[in-house]
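Worksheet: the structure to be examined is printed underneath.
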Amino acid sequence: MKLVLKNGIVFDPVNGINGEKMDIFINNGRIVSKIRFGAKEIDLKGKIVMPGGFDIHTHIAGGKENVGRIMRPEDSLKNLVPKKGNLRSGSGKSVLSVHITGYEYARMGYTTALAPATPPLMARHTHHELNEIPILDKALFPLFDGNWFIMDKIVEKDYDAIKNYVAWLLHATKGYAVKVVNPGGTEAWGWRREIESLDDEVPEFGVTPREILKSIISAIEELSLPHSLHLHCNNLGEPGNFETTIETIKLTSKFERKDRPLLHLTHLQFHCYAGDSWKNFESGVEEVAKIVKKHDVTIDTGNLMFGDTTTMTADGPMEYHLQLLTGRKWANKDVELETAPGITPIFYSSKSPVNAIQWAIGLEIALLIPTEKVMLTTDHPNGAPFTKYPEIIALLMSKKFREEMLSKVNASATKRTMLGSIDREYTLYEIAMVTRANQAMTAGFKDKGHLGEGAIADVAVYDLPADVDTRNYEDIIKAFSRAYLTIKRGEIVVKEGEVIKPVSGITRYLELDYDKWIEKEVNTYFRDYYTVSMQNYIVDVNEMRMCESVAIKERRCKSVPIHN
Amino acid sequence: MYLFTIKTKPDVCIEVDTLIPEKLEGLKEKEVKNLTIREGKKEVKVEELFEVEEIEGVLTFKGKWLDRVKKIGFNMKKGEIYVDGDVGMYLGAFMKGGKIIVNGNVDRFAGMNMSGGEIEIVGSAGDYLGSAYRGDYGMKGGKIKVNGDAGNEVGIKMRGGEIIVKGKAGMFFGGMINGGLLRAYEAIRAGANMKSGTIVLERVEEVLPGFIYLGKDKFENEVYHVFEGDKAVKKSNGRLYVREIGENK
Ligand SMILES: [Zn+2]
């Protein structure tokens, strides 16, 4: 299909286009420079045009999401979506069922979402779930945090084996990037011990988080993966954890930068806490922001919003501690040799001093760290369901909205954070950076997140004047909640906030070379410890309904579905 | 207000949570007929399944197959609903105010997670009357009166309000409650894991072992045996009033 989007005001940060009135040409699913004839024209006068939204960190599929769904029938009851035309039915407010996950993202103008924490043993399940999520393009990040093979090889100082194992595991899981959660912490917790700093040893293995991180970052850099290490630091959610976060960021100074940052710190909001108990809990954003500025790292915010949600991370000990605080139901899912995710529901109250400070910290991060390093997430559903993005966008754009909220929430948000004193308001250009451009570039999706020639034609159009008065924050929320148009690979999938064409999405994975001898070494772990055999562990390309691979040597996306 | 008469026997259950007094207020007959309700996983117009008629008096549901209609008065905040016949699940669930009268029996989860208002059932109630939804917190306020019997797990996790069953109730009556008042003629394993609140029974076969006998006392001018429990729960001080204990003769 040929399309011309006429007269819209375009925000495309990757190409430096800041609110220019220009036409966008789409042919055969790609952005082109010109179409001579035969194109359908759409007039977008008075509307804004951005690349399709991109979410680098959102728990939309996998083992723990399913545990969340099973565990929370009361969450399903809060959002029942009936079947309508060619759209499927579904349910769930914080743990949404697969089909409506795709619909809700598309209605906000999002076209890509990455599942950032898959225990390798659950990769098959996760791919099958991703297959069922419509519209969105996807990828998954296997977890490497409590991995026995890697920890053993660190002890043996066999770094070549680690490098080859990382490549092999990405191949085996059809993964896209390397995720590490609370390095060493979950395995240590399995031995009834806690990891509190980068130099605490994991019992039985004798390795430290510092060693795990260094060896994995080296492997990633040697393999030249498109996305840097995607890291959930140690001590998530603990007062005083900002020091651990700073120590972790400093690790990157040991490495040399190539053509992209060395480390991505995810849901930073949960890692910027000062004070040493819940009583004197306060924001540590200022210190962390200084270090982030100096180092070669990127971050996503992990904003917390008030209301009911479900927390789920591969950080088993953290979820255990959280349910001790709340007294609510809890599940832990031990994944042999690999990791142990936990799940527990939570209600973030605006009256609670701790929750109010957490809410403010998330916004402080976005306002104090240089925009080119920031990405907007809620660590869905940990800080809030992703459906809260429009509200967060409005909070970043409108000082008035922040002031009104600050006057309503617990006074600690004003006293123990700097939020009240920050005058900065995000521009639409900066919103386009943190919700699509930065995310796609950091993830290494070079053909997404922008509207330059040759890019995949993922476009979002919002019914909002380019010179919107930020005092009218309700208008901002409304516009970003329901995209006027969402175009996915050249096809109009959403019109005036309603899904009209639930196309299938494509899962992207890496094609990597590794030395074959690694298979033999890994197989000894399958023989001795795993309950499955290696043959049954590896996910075949044919299990992905629509997929495309990125060949690492070329560092360029082929973007041709090789299996349909 | 309006009278809804169900037309034919539905193949799957119908959910009518949109048909509550505050949502129908001020609507014309044509608009009411065009409102959407759910038939299974599909959304359909009201007029496809119900005859709609404007009447003097309160919002009324009528017809032979109301036992296949779920969520009458769901989330209701004010006004009154009258139901003539046996109805399906979730009657008055999440109700916050107003009144529902049912001239018949109700299925499971009637008055689930209720926080205000009143439900009166002329017949009997199914399981989970006034109980918490799976995984949720329980009833916070309001009043439920049942003239007949009730099923198992009445008032699970209740925190406030009143449930009165004239007849017999099933197992785990008032389980896990932390407040509120429950009454029935008879119940089985009443007050299991209760932390606080009051349960009043005319007779039981036996009292659970977690309860301590305090002696005789009056409840609303009648003399009962009084127990405190359930001591299986830390710091529990729930009260169980029982008039007669022993096997049925
Ligand atoms: Zn996460």
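The values are calculated or read from the model by the stated rules, or taken from the named source; none is laboratory data. Keep in mind that what you see is a predicted model, and the values were worked out from it rather than measured. A quick note on method: Cβ atoms are made from the backbone with ideal geometry, for glycine too, and the neighbour counts reach across all protein chains shown. When the accessible area is computed, the model is the full protein with side chains, heavy atoms only, and any ligands, DNA or RNA have been set aside. Shrake-Rupley method; radii C 1.70, N 1.55, O 1.52, S 1.80 Å.
Looking across region A:305-334, the residues that are more than 20 Å from A:G190 (Cβ to Cβ), surrounded by fewer than 22 Cβ atoms within 10 Å (Cβ to Cβ) and within 14 Å of chain B (Cβ to nearest Cβ) come down to A:D308, A:T326, A:G327, A:R328, A:K329.
Of all residues in region B:218-239, one or more are touching an Asp or Glu at 6+ places or on another chain (Cβ under 7 Å) and open to solvent by 20 Å² or more (accessible area, probe 1.4 Å).
Taking the criterion of being more than 14 Å from every other protein chain (Cβ to nearest Cβ), assigned to a helix (DSSP H, G or I) and either of a type outside the set (F, W, Y) or open to solvent by less than 10 Å² (accessible area, probe 1.4 Å) (or both), would at least one residue in region A:84-99 satisfy it? Checking region A:84-99: at least one residue is more than 14 Å from every other protein chain (Cβ to nearest Cβ), assigned to a helix (DSSP H, G or I) and either of a type outside the set (F, W, Y) or open to solvent by less than 10 Å² (accessible area, probe 1.4 Å) (or both).
Being under 24 Å from A:P381 (Cα atoms) and more than 16 Å from the ligand (Cβ to nearest atom) holds for only one residue in A:G275, A:G316, A:G302, A:G240, and it is A:G240. Taken as a whole, the structure places B:S131 among residues that are within 14 Å of chain A (Cβ to nearest Cβ) and either under 23 Å from B:E80 (Cα atoms) or of a type outside the set (A, V, I, L, M, F, W, C) (or both). Of all the numbered requirements in (1) within 16 Å of the ligand (Cβ to nearest atom); (2) open to solvent by 10 Å² or more (accessible area, probe 1.4 Å); (3) within 26 Å of A:F149 (Cα to Cα), A:H264 misses one, and that requirement is (2).
Scanning region A:239-256 turns up at least one residue that is of a type in the set (S, T, N, Q) and over 23 Å from A:E221 (Cβ atoms).
In region B:163-216, which residue that is surrounded by fewer than 19 Cβ atoms within 10 Å (Cβ to Cβ) and of a type in the set (F, W, Y) is nearest to B:N147 (Cα to Cα)? Selected residue: B:Y185.
Among the residues of region A:349-388, the ones that are within 16 Å of the ligand (Cβ to nearest atom) and either open to solvent by 10 Å² or more (accessible area, probe 1.4 Å) or not aromatic (F, W, Y) (or both) come to 15 in all.
Scanning region A:280-304 for residues that are open to solvent by 10 Å² or more (accessible area, probe 1.4 Å) and of a type in the set (A, V, I, L, M, F, W, C) yields a count of 1. Looking at this structure, is A:A466 over 20 Å from A:A113 (Cα atoms) and in contact with a strand residue (DSSP E or B) (Cβ under 9 Å, 6 or more places away or on another chain)? So A:A466 passes the test.
Scanning region A:33-58 for residues that are in contact with a helix residue (DSSP H, G or I) (Cβ under 6 Å, 6 or more places away or on another chain) and open to solvent by 10 Å² or more (accessible area, probe 1.4 Å) yields a total of 0. Of all residues in region A:42-82, those being within 14 Å of chain B (Cβ to nearest Cβ), part of a loop (DSSP other than H, G, I, E, B) and in contact (Cβ under 8 Å) with a residue 60 or more places away in the chain number 1.
Here the condition is being within 21 Å of A:M441 (Cα to Cα) and either crowded, with 16+ Cβ neighbours inside 10 Å or among the polar types (S, T, N, Q) (or both); of A:P239, A:P226, it holds for A:P226 alone. Which residues, taken from region A:371-400, are more than 16 Å from the chain's Cα centre (by Cα) and not β-branched (V, I, T)? A:E372, A:P390, A:E391, A:A394, A:L395, A:L396, A:M397, A:S398, A:K399, A:K400, listed by residue number. Of the strands (runs of 3 or more DSSP E) contained entirely in region A:414-498, those carrying at least 2 residues that are open to solvent by 20 Å² or more (accessible area, probe 1.4 Å) fall at A:491-495. Restricting the search to region A:393-434, which residues are of a type in the set (D, E) and without any contact (Cβ under 8 Å) to a residue 24 or more places away in the chain? Within region A:393-434, A:E403, A:E404 qualify. When the residues of region B:3-49 are filtered to those that are open to solvent by 90 Å² or more (accessible area, probe 1.4 Å) and closer than 20 Å to B:K99 by Cβ, the one that is nearest to the chain's Cα centre (by Cα) is B:K23. Condition first: within 16 Å of the ligand (Cβ to nearest atom) and either β-branched (V, I, T) or within 25 Å of A:M312 (Cβ to Cβ) (or both). Can you find one or more residues in region A:410-433 that meet it? Within region A:410-433 (the criterion being within 16 Å of the ligand (Cβ to nearest atom) and either β-branched (V, I, T) or within 25 Å of A:M312 (Cβ to Cβ) (or both)), the answer is no, since none of the residues qualifies.
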